[in-house]
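Report on the structure given below.
Each reported figure results from applying straightforward, stated rules to the coordinates on display, with no laboratory input. Nothing here was measured: the structure is a model prediction, and the numbers come from that model. A quick note on method: Cβ atoms are made from the backbone with ideal geometry, for glycine too, and the neighbour counts reach across all protein chains shown.
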Amino acid sequence: MRRILKWLAGAVVLVLVIAGTAVAVGYWKVAEGGRQLYTVADPPLAVARDPAALARGAHLFATRGCADCHGKDAAGALAFDAGPVGIVHGPNLTRGGRLAGRSADQVAASIRHGVRADGTPLVIMPSEDFHQMSDADVAAVFAWLESLPPSAKPSGAVTIRPLGALLYAAGKLPLYPAAVIDHAPRARPAPVIAATAEYGRYMAQGCTGCHGRDFAGQHVPGTPPEFPDSQNITPHGIGAWSQADFRTALRTGKRPDGSAINPFMPWKSFAGMSDVELDALYAYLRTVPPVAK
């Protein structure tokens, strides 16, 4: 019996040592990834500050998911708590916070490239969803943020917990979007705002982070294993939905059958989209290849 207990104790110690080493290696890789430097040299933005530009910036911030992470007043908020993976706070983006001393081009680099002013990568900033945002739209968001009263609210931190470090080391948690984004300098023209599939395609880039590049649904990166997968929004998944059904779903959080959409889906933000925007998104999603998943 003593030998068995001794063997079991030794096995437990070995497992703990292996686990501790794996976590330590994971945190080392997290730190190493955060020290990488990226160069962003997109053409300088032309920033308009007229009422139309400010209204456009406010609308984009409210309806593209920015407020879900940074708060409706842009002064920072708890974005999400992924349990053993980590906790993410969206920082204060007013002139009293991270916007202080930042130029429009530096803010654009953060939004579209996931890169700080010093060239290091931002953590869990969904820049892949915004890397094609037009110059005019990014400039409008900056102008609106710049117009806000400065807030002294402290910016919360992003904390990567042990499971998050392990997942990152295993290539299962994309902490640094800057590592996979194309940083080639280029201008990004603004598409015509209309209820067309073309404009819907421009908008739908913001859906890929959760629903996948093929829009067929996936396990949302960075969420705990028990977290439900995102839904299939290709024609195979929502093919029976009418245009009215689609509008209703994104404005009420209810599917056509009356079932509730998972609250992690930011439908409350999307509810503020115009009919033109929702119809454009619907038109585009009807054109993507159906995926049976």
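How high is the relative contact order of the chain? Use alpha-carbon pairs under 8 Å, at least six apart in sequence, and give a whole percent.
Relative contact order comes out at 21 percent.
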For helix 104-113, report the angle its Cα long axis makes with the longest principal axis of the Cα atoms of the chain; keep it between 0 and 90° and round to the nearest 10°.
60 degrees
Angle, helix 135-147 long axis vs. longest principal axis of the chain, Cα atoms, 0 to 90°, nearest 10?
80 degrees
Starting from the Cα gyration tensor of region 116-213, take the square roots of the eigenvalues, sort them a ≥ b ≥ c, and report rounded, prolate or oblate (rounded when a/c is under 1.5, otherwise prolate if a/b is larger than b/c, else oblate).
oblate
Packing-based ranking, highest mean first, of 99-106, 180-187 given that Cβ atoms within 10 Å are counted
99-106, 180-187
Note down the magnitude of the dipole of the chain about its Cα centre, charges +1 on Lys and Arg C-beta and -1 on Asp and Glu C-beta and zero elsewhere, to the nearest 20 debye.
960 debye
Please give me the summed charge of the neighbours of G76: other residues whose Cβ is under 14 Å from its Cβ, Lys and Arg +1, Asp and Glu -1.
+2
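Helix-derived [θ] at 222 nm for the chain: sum -39500 (n - 2.57) over DSSP H runs of at least 4, divide by residue count, nearest 500? All intermediate terms of the calculation are to be shown ahead of the outcome.
Details: 13 runs with 127 residues, N = 293.
Taking each H run of at least 4 residues, the total per residue is -12500 deg cm²/dmol.
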Among V23, G97, A169, whose Cα projects farthest towards the positive end of the dipole of region 1-188, with charges put on the beta-carbon of Lys, Arg (+1) and Asp, Glu (-1)?
V23
Counting only residues 5 or more apart in sequence or on a different chain, those whose built amide H sits under 5 Å from that of S151 are T94, R95, G96, G97
Compute the normalised compactness of region 197-285: alpha-carbon radius of gyration over 2.2 N^0.38 Å, N being the residue count.
1.03
Residues meeting the amide H criterion for A79 (H placed from the backbone, H to H distance under 5 Å, 5 or more places apart or on another chain) are V88, H89, G90
Karplus ³J(HN,Hα) for region 194-204 (6.51 cos²θ - 1.76 cosθ + 1.60, θ = phi - 60°; Hz, whole; x = Gly/Pro) runs 7, 7, 10, 4, 4, 5, x, 4, 4, 5, 5
What is the Cα centroid distance between region 183-261 and region 31-77, reported in whole angstrom?
20 Å
J(HN,Hα) series, region 35-41, from Karplus relation 6.51 cos²θ - 1.76 cosθ + 1.60, nearest Hz, glycine and proline x:
8, 5, 10, 10, 9, 10, 9
Any of K72/K293; K254/K293; K29/K153 with alpha carbons more than 25 Å apart? Name them for me.
K72/K293; K29/K153
Count charges around P43 for me, please; just the other residues with Cβ under 10 Å from its Cβ, Lys/Arg as +1, Asp/Glu as -1.
-1
